[in-house]
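Visitor: Dropping a structure here in structure tokens format, bear with me for questions.
Just so it is clear, none of the values below were taken in a lab; they were calculated from the coordinates. Since this is a predicted model, take the numbers as computed values, not measurements. FYI the Cβ positions are ideal-geometry reconstructions off the backbone, even for glycines, and counts take in every protein chain you see.
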Ligand SMILES: Cc1cc2nc3c(=O)[nH]c(=O)nc-3n(C[C@H](O)[C@H](O)[C@H](O)COP(=O)(O)OP(=O)(O)OC[C@H]3O[C@@H](n4cnc5c(N)ncnc54)[C@H](O)[C@@H]3O)c2cc1C
């Protein structure tokens, strides 16, 4: 294996044959930049409509309580109150699986989560809602609603939920234990993947390491709270303005929960202030819709931060036990994983992706993976960046680090020895196509950071350490539509249904521009509502730049084909003679007959009229997914347990970085969110089942003062399934930080932190345990 | 939110009159960085807020021969931006320059920090070790209360329903005085003290002996704790690392921390030990000249 040298900030490592690009790989200013910077972008909470009224939601103060009686009479009689609703106003949804791409749920659960009917199953569970002339009147009216609860015993940890005789979150939940039907349980699902004979392989292994890790549930922490405005039209149609990662998946969910045809619902995606997976499900939309139906006005609902923490979906916490064995050469021979995630009040923690990702970075010939989806009395978890992978990978990557220490092997060498490559089997079954796993390890090994000395600690009580970890996210493909309208002035309008949460307007426009041979600025992207574009799956699963990009390429190629016909008309030649390259049409049958794309646009009206095309894709799979390897240096104050991140380098395979600055932005953002999850972020839940730290003051996400500049190395191993080789990169980057930091702390302190967050008190306790009594 | 009346008082009398009228359902408003957030979170409801920023006595910052008077409505930035105040009152400046961030400091007041009486309040310990006293005004006139007996429980003080704080008097420190405040937070800004320790020392002429000392602890009890035994252990002895360490041990015993979402009892006691040591070192350094200036800037956390 060769070692690469000369890595520096955002160096791009090119691998494999490359097409020559003009637009892709450059860094144009984002199309929505001005509006965002100047505060002109219109977010959901900014919506103003004629006759708009405001709503508020009454939420359960208890984690688990039967609703005995709700008396609405005082609230209904209050001046200014226009409508009051409870669960009794919600249609009874039919059981139906809602596959939202990164989130799978049942319509019955989706409906129950939105508003409780007979019992509240998490603190913050809506029990009633009010629409009134203004927000304050609505809030005051909530206080007039009298709810009598019968408080029930709750379960908020996985151990509590799985204990024999545990209180049941749902009396009628039917669980599946590897396909066997189980009643009266909190374990909604237990799945297993098995390959080879792990027990036999462990018996022969030279070294075995096993760790049990604990991970707290962690919130995405998007700045913009959930919001929804709905207008129930007189003809029975419904319009919803909302902050969502997927307007079509939102429409499907609403259709199932409101029991109305999807075609009667128009979802208008507003600008979105962060999602990270948390804005896929529905929360306020059905309530706003029903309130609107009742009062005849458009109704707006906006969550408070407290509600966002209590009642929307963070990523699940879990208990993950990983055991791994290697032979005398350090080659992995066997591994097992036991993954238990706390789904929250309804089934659907991301246990399947956890099983997919837990060993994806390594060749594991003999493996068994058990994963459990456990319901508990906390809000239903949601997707959070690579949903399910970070928690499970935390265990794998810390185990790998311990093995390296036991056998005295460099962690990069260990990874290069054991890394999965194209053609290898992923533990859960599929065979990898071409992937960039090895390349990210090589990129880190070749980086300046890897070669730099750690340096002396800044004071005698401080200690330094370095840690490495890898991570994987498989991503998805699925359905996207893009329409391109060519204007006479040479500018094209690109109409799409993909919510833009990370700069995808630009990264998709750039792919169209590449094909059309025009500048990114000459493509004007617009994200439109569900009545105005063909079906498009959500912005999640690292799919948008990849799949909607592919749709844009397809639409642009159709434009080129049509424009060739027009050029042939202009030149009165056969269409086959027209060539197109670098934005210029050329008549191959004549001398000096050229038309730029722009020039030809000016001739459309005289050659048959406007050109409009639509690209429609439904791509199976992501083409192998994206791997990352991160390296981190920490300094720990052994007097206080406080950790400083000194230096951080992230390498990740982007296939082809369409807009490198956005790729770097994703890598940096994922690393920073991971640092938060590693060091301080957690749900502190009291004995009463209530989250105690539901504010940004006490839910300690890192601030800009808590993280260094994140160095990035973009690795480019082309994705065979995308015309330009693009891979989705938005999620893998949150996988390595937690184990990388645990590994660095192990290096600095000689103790292994296996529980997230690795907060100062926990570090001090570990140091004291190490020192002995 | 329950609708409330907003009164911008122009004098002490006017403020007191409104407080009297509404009793427990009215409160003074200084920077509003605590009370507005608390109202919005529904912690309590009020019928009136009395803005005291327009009360002249409450908005004055005066450094005189007898000491410093900080109007109860003076925002933090005015304190640390005054070079003379910074030089003479290092402990208070340490606190004023780390409450919240720049935006918060341009509104938040020491008076509000004190009257809010959070166990974690950053300025109260420094006020205590600087031997400060607060002047209160009510219908019966004014009275003065030492800061170390002002807080009675989390969020509770000796203030009557119809009283307001007008200003805080901090005596001029004697020669060879040094003070420091440090807190521990898991992040580097925008966080609440898991533990805070304020120390003040006066050295004797030789600089080899501690003449007097005061230590106050934040976030390790229902009110700020005066660690009198720890301070006493230093008096008459040398300002040595051993003495500081021993004082830290005593202070850890004097603390009565609880386990909560921000920290555990064990971790908090550890932090009292460490921060007592560290702040004593800084205070002594400042007392012995050289870096006596308290103007450590916003870098000190
Ligand atoms: C983002 C953020 C960060 C923060 N960081 C910190 C921090 O690091 N450290 C810290 O200690 N605090 C912090 N705080 C809390 C707050 O900023 C401080 O306590 C501040 O000093 C309060 O001052 P204020 O003038 O804003 O008080 P206000 O909110 O105006 O008042 C606080 C309380 O004191 C009462 N009050 C005010 N003035 C008077 C008066 N003259 N007489 C009688 N009662 C009065 C009010 O009625 C109220 O109960 C933070 C707050 C925020 C929002």
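Visitor: Considering the alpha-carbon set of segment A:660-706 alone, what are its Rg and its Dmax in angstrom?
Guide: 13.8, 47
Visitor: Would you calculate the volume per residue, in Å³, of the smallest convex hull containing every Cα atom of segment A:710-769?
Guide: Looking at segment A:710-769, the number lands at 119 Å³ per residue.
Visitor: Roughly how crowded by other chains is peptide B:180-191, in terms of the mean Cβ count from those chains within 10 Å of each of its Cβ atoms?
Guide: 5
Visitor: From the Cα gyration tensor of segment A:588-690, with a ≥ b ≥ c the square roots of its eigenvalues, which class applies: rounded if a/c is under 1.5, or else prolate if a/b is larger than b/c, or else oblate?
Guide: Judged from the Cα gyration tensor, segment A:588-690 comes out prolate (a/c at least 1.5, a/b above b/c).
Visitor: Could you give me the radius of gyration and the Dmax of segment A:121-264, taking only the C-alpha atoms into account and expressing both in angstrom?
Guide: In Å, with Rg to one decimal and Dmax whole: 23.2, 73.
Visitor: Considering just Cα atoms, how many Å³ per residue does the convex hull of segment A:378-485 enclose?
Guide: Looking at segment A:378-485, the number lands at 272 Å³ per residue.
Visitor: Starting from the Kirkwood radius over alpha-carbon pairs of segment A:651-731, derive D by Stokes-Einstein at 25 °C in a medium of 0.890 mPa s and give it in µm² s⁻¹.
Guide: 166
Visitor: Counting only DSSP beta bridges with both residues in segment A:263-414, what percent are antiparallel, rounded to the nearest 5?
Guide: 45
Visitor: Which distance in Å, rounded to a whole number, links the C-alpha centroids of segment A:673-719 and segment B:251-282?
Guide: Centre-to-centre (Cα) distance: 25 Å.
Visitor: In segment B:62-171, if every C-alpha pair distance is counted and binned at 5 Å from zero, what percent goes to each bin?
Guide: Percent of Cα pairs in each bin: 2, 13, 25, 27, 19, 10, 4, 0.
Visitor: Antiparallel as a % of all DSSP beta bridges within the protein assembly as shown, to the nearest 5?
Guide: The antiparallel fraction comes to roughly 75 percent.
Visitor: Please give the contour-minus-distance gain from residue A:97 to residue A:720: 0.36 nm per residue of separation, less the Cα-Cα distance, rounded to one decimal in nm.
Guide: That works out to 221.1 nm of additional length.
Visitor: Give me D for the protein assembly as shown in µm² s⁻¹, whole number, from Stokes-Einstein with Rh from the Kirkwood sum over alpha-carbon pairs, 37 °C and 0.692 mPa s.
Guide: In µm²/s, the coefficient is 104.
Visitor: Let me ask another. Using Cα pairs under 8 angstrom and six or more residues apart, how large is the relative contact order of segment A:476-619, in percent?
Guide: It comes to 36 percent, rounded to a whole number.
Visitor: Measure off 7 Å from each Cα along the Cα-to-Cβ vector at residue B:211 and residue B:140, then give the distance between these two points in nanometres to one decimal.
Guide: About 3.8 nm separates the two model spin labels.
Visitor: Apply 1/(1 + (r/R0)^6) to the Cβ-Cβ distance of residue A:620 and residue A:38, taking R0 = 41 Å, and write down the FRET efficiency to the nearest 0.05.
Guide: 0.50
Visitor: Please compute the average number of Cβ atoms from other chains found within 10 Å of each residue's Cβ in peptide A:699-711.
Guide: Per residue, the average neighbour count from other chains is 3.
Visitor: Another question, then. Quick one: compute a quarter of the convex hull surface over the Cα atoms of segment B:177-287 and quote it in nm².
Guide: 6.3
Visitor: Further, regarding this structure: Taking the Cβ-Cβ separation of residue A:431 and residue B:81 as r and a Förster radius of 60 Å, what is the calculated FRET efficiency to the nearest 0.05?
Guide: Efficiency, rounded to the nearest 0.05: 0.35.
Visitor: OK, next. Need one value for A:138-150: mean number of C-beta atoms belonging to other chains within 10 Å of its residues' C-beta atoms.
Guide: 1
Visitor: Can you classify segment B:5-51 as rounded, prolate or oblate using the Cα gyration tensor, where a ≥ b ≥ c are the square roots of its eigenvalues, rounded means a/c under 1.5, and otherwise it's prolate if a/b beats b/c and oblate if not?
Guide: In terms of gyration-tensor shape, oblate.
Visitor: Mean separation of Cα pairs under 8 Å and 6+ residues apart, divided by the residue count of chain A: what relative contact order is that in percent?
Guide: 16
Visitor: Please compute one quarter of the surface area of the Cα convex hull for chain B and express it in square nanometres.
Guide: Over every viewing direction, the Cα hull of chain B projects on average to 14.5 nm².
Visitor: Would you compute, for the Cα atoms of segment A:494-620, the largest minus smallest coordinate along each principal axis and list the three values in descending order, in whole Å?
Guide: Taking the Cα atoms of segment A:494-620, the three principal extents are 49, 28, 26 Å.
Visitor: Cα atoms only, segment A:704-745: Rg and Dmax in Å?
Guide: Gyration radius and largest Cα-Cα distance of segment A:704-745: 14.3, 42 Å.
Visitor: Applying 1/(1 + (r/R0)^6) with R0 = 22 Å to the Cβ-Cβ distance of residue A:235 and residue A:134, what FRET efficiency is obtained, to the nearest 0.05?
Guide: Taking R0 as 22 Å, the efficiency between residue A:235 and residue A:134 is 0.20.
Visitor: I would also like to ask the following. Between segment A:196-212 and segment A:499-552, what's the alpha-carbon centroid distance in Å?
Guide: Taking the Cα centre of segment A:499-552 as reference, the centre of segment A:196-212 is 47 Å away.
Visitor: Measure off 7 Å from each Cα along the Cα-to-Cβ vector at residue A:174 and residue B:2, then give the distance between these two points in nanometres to one decimal.
Guide: 5.1
Visitor: Okay, moving on. How high is the relative contact order of segment B:158-301, given as a whole-number percent (alpha carbon pairs under 8 Å, six or more residues apart)?
Guide: RCO, segment B:158-301: 27 percent.
Visitor: Using a cut-off of under 20 Å, list every residue of segment A:375-411 whose amide N is near the label point 7 Å from the Cα of residue A:328 along the Cα-to-beta-carbon line.
Guide: A:403-410
Visitor: Per residue, how big is the convex hull of segment A:100-162 when only Cα atoms are used? Give it in Å³.
Guide: Taking the convex hull of the Cα positions in segment A:100-162, it is 153 Å³ per residue.
Visitor: How would you rank A:493, A:255, A:111, going from fewest to most other Cβ atoms within 10 Å of each one's own Cβ?
Guide: A:493, A:255, A:111
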